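Here the structure comes first, spelled out in structure tokens, and everything after it is commentary.
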Amino acid sequence: MKKIGILFGQENTFPQAFVDRVNEKAGGEFTAEFVSIDQVEQNVPTDYAVIIDRISQDVPFYRAYLKNAALTGTAVINNPFWWSADEKFFNNALAVQLGVPVPRTLLLPSKERPDDTSERSFRNLRMMDWDAAFEKIGFPAFMKPHSGGGWKSVYKLHNPEEFFRAYAETGQLVMLLQEAIEFDDYFRCYCIGGKEVLIMPYEPRNEFHQRYATQMKTTGPAGEKLLATIKDYVLRLNKGLGYDFNTVEFAVRDGIPIAIDFGNPAPDADVNSVGQQNFEWVVEAAANLAIEKARAYQPGRDNLTWGTFVQRSAQNGFQDAIPAGKTAAKKSAAPKAAAPKAAAPKKAAAPKKAAAPKAKKAQE
């Protein structure tokens, strides 16, 4: 029997609740457990049809293990190939294409050169016009790493002097300069399986354990319209990015929800921070998703979720490879009957050449 596993680190409440809920709901069809890793050999399948990943963003060994597991058929949530590649600047650019509002954002070169580079490595890079950048983004502004999370190396800046002091501390980090959104309402939204959405009022200015202790301020028809728009944006982003288990944050300014953060490979699901009601929702939704994925599992196949951006890119790449004037048929067409031709006289067959010996493959 293939199993459903959860791979986790320091969190305590969600993993056990998830395992208990899956075992309760699966009725013996599947068994859920904490993932157990022994020897990891290349291209050898695991015992798991599904693995919920809660830690590999911090542990490279686990990340390599999950990619190998995915290659051999395990449905890993979230797709380790995609979340390893995505980052905040790209996500913002994709959001614009998806029609989801995001803050004005610029990508900044690192203050210090990466190791093993020199000035010659940056001959294509022009000097930054800081005055133009500040005019584009305005103040107050946030500066944050273009890849990362957990509010690490995030600065709120009110003028150019504060910017340059903070920028000097960022070392080799590639940073974003982003307009600060002064908001009326703020929401954090779970999205599970690309279809289940829980919208939670959230106050990021509160202490961590008090951030969910707040109420939605927009009410009446305006509030209903706002929630519907937020749900639509959440689904657009998660389908575009291909996340199975994600959170999206929105700051609402003048009635418009602006996506602030929406790429979280292991979003917080601890009962002590999200609260009992939200915790119950995410445990149930995650268990349902894992069971659904386990039932759809096909041994040795790609059982990962890929976003529409990646799928579209792959399709476009395939089309670009087709010679001009030709199109790829979805199914092989039956050969057309050719008009009868007069039989040509047969020529004597040329003697066959001896086959060349096959070259041995080099070990890679």
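Given the pairs K152/K195; K67/K144; K156/K225; K144/K239; K3/K25, which span a C-alpha to C-alpha distance of over 20 angstrom in this model? Check vs 20 Å cut-off fails for K152/K195; K67/K144; K156/K225; K144/K239.
Build a GNM of the chain with springs between Cα atoms under 10 Å apart, and of D261, D116, D47 the one that fluctuates most is D116. For the stretch 263-280, the Karplus equation 6.51 cos²θ - 1.76 cosθ + 1.60, evaluated at θ = phi - 60°, returns couplings of x, 10, x, 9, x, 3, 9, 7, 4, 6, 10, 8, x, 4, 5, 5, 4, 4 Hz by residue, with Gly and Pro reported as x.
Which of rounded, prolate, oblate describes the chain, given a ≥ b ≥ c as roots of the alpha-carbon gyration tensor eigenvalues and a/c under 1.5 marking rounded, otherwise prolate only if a/b is larger than b/c? Taking the square roots of the gyration eigenvalues as a ≥ b ≥ c, the chain is prolate. Per residue, the chain exposes 60 Å² of accessible surface when a 1.4 Å probe is rolled over the protein heavy atoms with every protein chain present. Taking a ≥ b ≥ c as the square roots of the eigenvalues of the Cα gyration tensor, an a/c ratio of 1.5 or more together with a/b no larger than b/c marks the stretch 72-208 as oblate.
Which shape class, rounded, prolate or oblate, goes with the stretch 214-300 when its Cα gyration tensor gives a ≥ b ≥ c as root eigenvalues, a/c under 1.5 marks rounded, and past that a/b bigger than b/c marks prolate? It is prolate, given that a/c is not under 1.5 and a/b is the larger ratio.
Considering only A296, A70, A286, the mean-square fluctuation computed in a Gaussian network model of the chain, springs between alpha carbons under 10 angstrom, is largest for A296.
Against the chain, whose longest principal axis is taken from its Cα atoms, helix 308-320 shows a tilt of about 30°. Enumerate the aspartates and glutamates that K217 could reach by cross-link, defined here as Cα to Cα under 14 Å, with residues fewer than 8 away along the same chain left out. List returned: D184, D185, E203, D254.
The modelled label-to-label distance between L107 and A228, using points 7 Å beyond Cα along the C-beta direction, is 3.7 nm. Relative to the current alpha-carbon distance between D58 and T31, full extension at 0.36 nm per residue lengthens the span by 7.1 nm.
Here the sum of -39500 (n - 2.57) over DSSP H runs of 4 or more residues, divided by the residues of the chain, equals -10000 deg cm²/dmol at 222 nm, to the nearest 500.
What percent do you get for the relative contact order of the chain when only Cα pairs under 8 Å and 6+ apart count? Once normalised by length, the contact order is 20 percent. Work out the FRET efficiency for T308 and V96 from their Cβ-Cβ distance, taking R0 = 22 Å, and round it to the nearest 0.05. For T308 and V96, the calculated efficiency is 0.90.
Using a 1.4 Å probe over the heavy atoms of the protein chains, calculate the carbon and sulfur portion of the accessible area of the chain as a whole percent. The C+S portion of the solvent-accessible surface of the chain is 52 percent.
Our note on the geometry: Cα centres of the stretch 170-206 and the stretch 237-275, 6 Å apart. Our note on the geometry: Cα centres of the stretch 1-67 and the stretch 278-293, 14 Å apart. With both residues required to sit in the chain, DSSP beta bridges show an antiparallel share near 70%. For E292 and K67, the FRET efficiency from 1/(1 + (r/R0)^6), where r spans their Cβ atoms and R0 equals 25 Å, is about 0.65. Computed from backbone phi, the HN-Hα couplings of the stretch 16-27 come to 5, 5, 5, 4, 4, 5, 4, 5, 5, 7, 6, x Hz, rounded to whole numbers (Karplus: 6.51 cos²θ - 1.76 cosθ + 1.60, θ = phi - 60°; Gly and Pro given as x). Counting 0.36 nm for each residue step from N12 to A133 and taking away their Cα separation leaves a gain of 39.2 nm. Label-to-label distance for M216 and S118 is 6.0 nm, based on points extended 7 Å past Cα in the beta-carbon direction.
The values are calculated or read from the model by the stated rules, or taken from the named source; none is laboratory data. Quick caveat, the model's predicted, so the values are computed rather than measured. Counting neighbours? That spans all protein chains shown, and the Cβs are built from the backbone with ideal geometry, glycine included. The area values use the complete protein model at the heavy-atom level, side chains included, leaving out ligands, DNA and RNA. Shrake-Rupley method; radii C 1.70, N 1.55, O 1.52, S 1.80 Å.
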